[in-house]
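Just so it is clear, none of the values below were taken in a lab; they were calculated from the coordinates. Not measured: the values here are computed from a predicted model. In this analysis, Cβ positions are derived from the backbone assuming ideal geometry, glycine residues included, and neighbour counts consider all displayed protein chains.
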Amino acid sequence: MIVDFSKNHFDLFDLAQRYELDETQLTSKYQTLQRELHPDRFAAATDAEKRWSLQAASLVNEAYQTLKHPLNRATYLLGLNGVSVDEETDTQMDPMFLMQQMELREALGDAEATPDPLKALDSIASELSSGVRNCQTKFADAAEGGDWAAARATVREWQFFDKLKREVKAIESRLDY
Amino acid sequence: MALLQISEPGQAPAPHQRRDAVGIDLGTTNSLVATLRSGTPTVLVNEAGEGSLPSVVHYGEDDSITVGHAAQEYAVTDPMSTIRSAKRLMGKGADDLPGTWLSDHYNFDLTSGPMPAFATNAGPKTAIDVSAALLKELKAIAEKSVSGELVGAVITVPAYFDDAQRQATKDAASLAGLSVLRLINEPTAAALAYGLDANDSGTVVVYDLGGGTFDISVLKMQRGLFEVLATAGNTALGGDDFDEAIVSMLCELASFSGELSSGAQRRALQTARQVKETLSEQESVSVDWHIEAETHWSGTITREQLNNAISALVDQTLTPCRRVLRDADIEKSDIRAVVMVGGSTRVPLVRDRVSEFFEQPVLTSINPDEVVAIGAAIQADVLAGNKPDNDLLLLDVIPLSLGLETMGGLAEKIIPRNTTIPIARAQEFTTYKDSQTALALHVVQGERELVADCRSLARFELTGLPPRVAGAVRVQVLFQVDADGLLTVSALEKDSGNLASIDVKPSYGLSDGEIESMLQASMDNAAGDMQQRLLQEQKVDAQRVIEAIDSALRADGDIHLSSEERAAIDELIDNLKNSVKGDDSAAIKLAQESLEKGSSNFVERRMNASVKHLMAGQHVDAVAAQLEESEKPQDAND
């Protein structure tokens, strides 16, 4: 049997199971746990202890990284509430949103050919950041109100912004070389 | 020791003898070993009083092995069997050779195994063999300097080393008979060395330009806790390339266009190094270069000429600097300090460009050649258990993404780079043909989309799957990266819960069997004293286990064990105590294993009690249950 430990990511850090979280507490609890569990604490221990520590520390790292990143945390919270975000089977999206995405994508495609590509990318990046902030607020509200359908729709939009942000970074990094 | 520590947090363990551990900087050009003496990190010196061991090994026709300064003597007279910069070849395959610095300077034997071997007087020698010879020498220096038994070493590797290169380093340590407490990244070690004075928090950049590798890392330091935010670099760029560029400049100045013989090449490189070192202190230098038998060149070279020759190479280091800032998502103004590491950072142009780039003065107060070994020694002391109340904790990341080959030769990332380790991630696969009973997996490392552009780590064959229709058999593959940054892969057929059999073929490096047979071979050569030493180490190790379990039993054996269980463990302890009195290495090993196995339930109960304490008693069952699944993959959450 595979144990579903996922239910306990929030619990592991003594946090309430909701989107808004106390990042200071998350990080401080993470550090407390790692100080006790990390393999460096078991460098001179028996093999059984080493294996135990490796697994415990891996688990804490995974939980921390899931909760630390807002989109991962939101997706994870949906999962806890029985909602999965499957990108492939669901193509229904708000046409206005899709239009905005197409425009952003076009701007991104043209950016490299503009006289100051880094500046063009900066302006796209700031539009994406404001889109992400908007998603974060919408998601928090929907999740608090238990409206998981709305929360899921928000995460799907958020994923679009996130993907574009990664593409901006990739182009920036290409321009640097 | 950990047995005691975890059961009684905040309490110091029973007084015990100091455990000597060392830090080793296994460098491309020079290697060092350091340890803590009365709390002060000290670089250990050999009998000649030298702290820095040139990473040079000479293989004589009589099978003699010479290491360090003595080996350098052969550089001109016997260049092909005098191996330097072998680190560049660690974990590399034959197809990595063409066009590299090493392939221009050495003859290679590509037939003796999967790894290219230097063709020497004493036969084919791989980079692992050469590194093992260096580590043996460092170990000997350490053993003469420390008072007690050497429990092990922390060895540093460039942050940018991939899995194969890290594994090769660990293999070399095994061959040298050195117990590795941990592999840590060189820049991280450097930050640890400077971290001694930094009690407050901040973001630190470590710029490490050594003989053959360049690393740039961003670390977050917080009250003794070090977190690597991002690393980047170039495994084939360093001071050696400066020397080559200077030789080119010299040839141009001397209007020499012929081919240098390998002896003349080495002489030219020595001249180039002198020019570089002198111009780090002075504005100009007069050079008398003996090119070949009757050809000489003499003249003056200015620092400006040197700067022009190496300028492009220095600029090459700034690209990874930009990248690492982006990856760590920080601005230049967030950086509290820029630490300079590696002999090549003595070059004024390097300091100037780096300082200009990061818009602040660079830190050079600790000797840039020793700073890595010093940091490693500090970490070794912590890992050896000498500082149970120490707050220092290193949270490291993997430098390159780990992935699997998917349809069409594309690489799918399972664990992205800069993920904090240790970490475990699982990925599910299904069969794509009816009655398919095997699945081939190809593990790769790198950032590129195409598998062909990534580094091949291993190929796996999962066999014995039940024959079903396509897509009906699901296999979960678990990637586990440990605290050394080393990967192990396991697979589980999901419906039956059976572990599919795995056939591992490491693309490079050594299998455990090969290491064992090589160790055996070296032991046969060194005969009796090696056996004696192994027995001695076995006894020390057994003693350690006895003490640890004894003190754990005294602490709370009554709480966790029934009287029958207690009696069983007591008997196993007595058994081991008796074996230790004798000289039968195998018997000691057997008795120790029985004790470790027999007490594993007890250890686990104490651990769980400790976790219960940590997690305020709420969720321990879930954690414990998860841990019992030790042999099975976990669910990954992306």
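List of remarks:
- Between A:ALA170 and A:VAL85, the simple label model (points 7 Å from Cα in the Cβ direction) yields a spacing of 1.9 nm.
- Averaging over all projection directions, the Cα-based convex hull of region B:130-262 occupies 11.8 nm² in the image plane.
- Listed residues A:ASP110, A:ASP47, A:ASP22, most fluctuating in chain A (Gaussian network, C-alpha, under 10 Å): A:ASP47
- Taking the convex hull of Cα positions in the protein assembly as shown, its mean projected area over all directions (nm²): 38.1
- Inter-label distance, nm, simple model (7 Å from Cα along the C-beta direction), B:THR463/B:THR364: 6.0
- Annotation for A:GLU23 and B:SER311: the two label points, set 7 Å from Cα along the Cα-Cβ direction, are 4.2 nm apart.
- Of the GluC sites (Glu not before Pro) in region A:105-177, those whose Cβ has at most 15 other Cβ within 10 Å and which sit in DSSP loop: A:GLU112
- Normalised alpha carbon radius of gyration of region B:402-509 [divisor 2.2 N^0.38 Å]: 1.07
- Neighbour-count ranking [beta-carbon atoms within 10 angstrom, fewest first] of B:TYR194, B:TYR432, B:TYR160: B:TYR432, B:TYR194, B:TYR160
- Cβ neighbours within 10 Å from other chains - mean over B:483-495: 1
- Residue exposure sequence - A:SER58, B:SER38 - by fewest surrounding Cβ within 10 Å: B:SER38, A:SER58
- Modelled label reach - B:GLU356, point 7 Å along Cα→Cβ, region A:100-122 residues with backbone N closer than 14 Å: none
- Intensity falloff of chain A expressed as log10 I(q)/I(0), Debye formula with alpha-carbon point scatterers, at q = 0.08, 0.14, 0.18 Å⁻¹: -0.36, -0.89, -1.13
- Extension gain, A:GLU144-A:ASP116: 0.36 nm per intervening residue step, less the Cα-Cα distance, totals 5.8 nm.
- Spatial offset of region B:218-273 relative to region B:88-163 amounts to 19 Å, using the alpha carbon center of each.
- Relative counts (whole %) of C-alpha pair distances in region A:95-176, using bins that are 10 Å wide: 18, 45, 24, 11, 2
- Förster-model FRET efficiency, 41 Å R0, B:THR319 and A:ASN134, C-beta, rounded to 0.05: 0.75
- Around A:PHE97: net Lys/Arg minus Asp/Glu count, Cβ-Cβ under 13 Å: 0
- Over all other residues within a Cβ to Cβ distance under 12 Å of B:GLU571, the charged ones net out to -2, with Lys and Arg as +1 and Asp and Glu as -1.
- Rounded to two decimals, the Cα-based Rg/Rh of region B:239-313, with Kirkwood Rh, is 0.93.
- Residues B:VAL350, B:VAL33, arranged from fewest to most other Cβ atoms within 10 angstrom of their Cβ, appear as B:VAL350, B:VAL33.
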